[in-house]
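*Asks:* There's a structure below that I have some questions on.
The values are calculated or read from the model by the stated rules, or taken from the named source; none is laboratory data. Note that the structure is a prediction, hence the values are computed from the model and not measured. Don't worry about glycine lacking a Cβ; one is built from the backbone with ideal geometry, like all the others, and counts go over all protein chains shown.
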Amino acid sequence: MATDLPLPDFDQLSPGDLEHRVRALDRGQLERLLAHERDHADRPAVRALLENRMRQLDEGAERSPGGDAEQPPSGQAPPAGSPVSPDT
């Protein structure tokens, strides 16, 4: 199930959110995500993103820390309110 995936919240992430997070994964982890994606939502943009990252690794790209896993998915407001007041 999704709890066994390298990114536990994978199914809820948009391609934009995944783009930075997958940079920290190795090829085996990417293959697991791709197999899961094909068997479940089968989102073309996510499949392409995972396949492109695997190709980059095959061509010598290094893994990087990727994005912060604690950031809220896109479309959600950050936990703090806006610093702008109604008076401005």
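*Asks:* Determine whether the range 61-74 contains at least one residue that is among the aliphatic types (A, V, I, L, M) and at pLDDT 90 or above.
*Replies:* Yes: one or more hits.
*Asks:* Tell me which of these D39 doesn't satisfy, since it passes every other one: (1) of a type outside the set (S, T, Y); (2) closer than 18 Å to D4 by Cβ; (3) at pLDDT below 95; (4) exposed (fewer than 10 other Cβ atoms within 10 Å of the Cβ).
*Replies:* (3)
*Asks:* Inside the range 8-40, can you point out the residues that are over 21 Å from D58 (Cα atoms) and aliphatic (A, V, I, L, M)?
*Replies:* Result: L13, single match.
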